[in-house]
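*Asks:* What follows is a single structure, and I will ask about it in a moment.
Rule-based calculations on the coordinates, nothing more; no lab input. Computed from a prediction, not measured in an experiment: that's the story for all the values here. Ideal geometry is used to build each Cβ from the backbone, glycine not excepted, and the neighbour counts take in all protein chains shown.
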Ligand code: COA
């Protein structure tokens, strides 16, 4: 079976996390992703957070599956010529260098257009145009600048960043969508274009509900589903909401059996209005179903703390999996807090290819997250990440270089 992006060639100038997440997705959809790295060193993540000496780290291997690696010194005059040949052959150039690095290398948008007018140039940057556009940005900088940190955590504590890499992987996802959209438009116009995904913008897009709440707060001075209501105070900006739900159905994280020793013996419980009567029955508070102080969502809002404390008395008598089973029988929405260990061992995730075991020549077997997006006509086969420069000769030959020329370029230090 073919792949959705068969025939699309990506010149992958990405490093660290944000850009590589994007090009890995494109590779999983069938694009030929040629990762250009600096000779001798490569993507800095190859050596970051290593668990085995001198072996590509999990950080690198888990972000660079299904790609080919070529090493080119793009500041060497002859290295630049090789890069020009690649630009002429590829459909998309993806990069996430610090602002201006591609220009300093001599590859401005205008120059790239001269070489290949169909080329799509896709970039991740920390910020879009504005006061911070020249700043270097990493994951947590984006989480802080995009509104995630100020709205995450508890009211009486400092801002908190999330474990989900919404700044890096989140922006990589945004960029991938921009690239396939530009490829689609190119089928009509025949032209390439620039695609920019700024990390601040990507995080803010994922924090859309918090900008919604900012405006609600400004209009009404209070947000009744937040834990600050009714006893706390609201300031001028959206406060940290603890574990409250971002939607219209109140929710909270509750202890389950074993919470004293297991840090993940918890369940997320949503008091969804249509199943309120069932919730009352399950927890043994049948009287709340008709009591006017509890029977309607509006009546419950000032009493959420007391209500969740009562529900927790019930969840503490069950393990998170027992609670999940019972509650789902009644369509009561809930979610067990799963540890990474539990997720890694979950058979259904292995079966769907969301968790995959990959073999690597120097590392051996390891687990990775496979393609979370499943296409029925373009199945994903996850293959290992490339060793540094593993495909230099192969790609050079495809560009038309003879073995003698390749050897001369290597001696000159261009590749
Ligand atoms: N051959 C020769 N030089 C190369 C090269 C190659 N194959 N590949 C990269 N370089 C050079 C670049 O041209 C640049 O040189 P210059 O500074 O002289 O112009 C240099 O390597 C370093 O690139 P840079 O992107 O500045 O790396 P950094 O380690 O200093 O910064 C980031 C890292 C992530 C902070 C920065 O790249 C950035 O802000 N990127 C955009 C936002 C982003 O993606 N952040 C998330 C990372 S997960």
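*Asks:* If you look at just the Cα atoms of the stretch 259-303, how large are its Rg and its Dmax in Å?
*Replies:* 13.0, 39
*Asks:* A further question follows. For the stretch 249-331, how big is the tail of P(r) above 20 Å, as a whole percent of Cα pairs?
*Replies:* That fraction is 27 percent.
*Asks:* If each DSSP helix of 4+ residues adds -39,500 (n - 2.57) and the sum is divided by the residues in the chain, what number results at 222 nm, nearest 500 deg cm²/dmol?
*Replies:* Working: 17 runs with 150 residues, N = 415.
About -10000 deg cm²/dmol.
*Asks:* While we're on this one: Taking the Cβ of each residue in 109, 288 as the centre, tally the other Cβ atoms inside 10 Å and list the residues starting with the fewest.
*Replies:* Fewest-to-most ranking of 109, 288: 109, 288.
*Asks:* For the chain, what's the relative contact order in percent, using C-alpha pairs closer than 8 Å and at least 6 residues apart?
*Replies:* For the chain, the relative contact order is 19 percent.
*Asks:* Ok, one more. Diagonalise the Cα gyration tensor of the stretch 93-227 and give the resulting equivalent ellipsoid semi-axes, square root of 5 times each eigenvalue, largest first, whole Å.
*Replies:* Whole-Å semi-axes of the equivalent ellipsoid: 35, 17, 12.
*Asks:* Also, I was wondering about something else. Do you know the relative contact order of the stretch 45-147, to the nearest whole percent, from alpha carbon pairs under 8 angstrom that are 6+ apart?
*Replies:* Relative contact order here is 18 percent.
*Asks:* While we're looking at this one, here's another question. How high is the relative contact order of the stretch 249-331? Use alpha-carbon pairs under 8 Å, at least six apart in sequence, and give a whole percent.
*Replies:* In percent, rounded to a whole number, it is 37.
*Asks:* How many nm is it between the label spots at residue 330 and residue 48, if each spot is 7 Å from the Cα in line with the beta carbon?
*Replies:* 4.7
*Asks:* Separate question: In whole angstrom, and with the biggest value first, how far do the Cα coordinates of the stretch 33-182 range along each principal axis?
*Replies:* For the stretch 33-182, the Cα extents along the three principal axes come out at 58, 42, 26 Å.
*Asks:* So for the chain: antiparallel DSSP bridges make up what percent, rounded to the nearest 5?
*Replies:* If we restrict to bridges inside the chain, about 40 percent are antiparallel.
*Asks:* Take the Cβ-Cβ distance between residue 215 and residue 160 as r, set R0 to 25 Å, and report the resulting FRET efficiency rounded to the nearest 0.05.
*Replies:* Numbers: r = 23 Å, r/R0 = 0.93.
Here the calculated transfer efficiency is 0.60.
*Asks:* Could you work out how far helix 77-89 tilts from the main Cα principal axis of the chain, as a 0 to 90 degree angle to the nearest 10?
*Replies:* Tilt of helix 77-89: around 60 degrees.
*Asks:* To two decimal places, what compactness ratio does the chain give when its Cα radius of gyration is scaled by 2.2 N^0.38 Å?
*Replies:* Against the compact-globule rule of thumb, the ratio is 1.18.
*Asks:* What is the distance in Å between the Cα centroid of the stretch 346-415 and that of the stretch 146-221?
*Replies:* About 29 Å separates the Cα centre of the stretch 346-415 from the one of the stretch 146-221.
*Asks:* Which length gain, in nm to one decimal place, applies between residue 281 and residue 343 when the Cα-Cα distance is subtracted from 0.36 nm times their residue separation?
*Replies:* Numbers: separation 62, 0.36 × 62 = 22.32 nm, distance 3.13 nm.
So the chain would gain 19.2 nm between residue 281 and residue 343.
*Asks:* Which three extents, in whole angstrom, do the alpha-carbon atoms of the stretch 71-155 cover along their principal axes, largest first?
*Replies:* 56, 25, 24
*Asks:* Pop a pseudo-label 7 angstrom from the Cα along the beta-carbon direction at both residue 249 and residue 290 and give the gap in nm to one decimal.
*Replies:* 2.6
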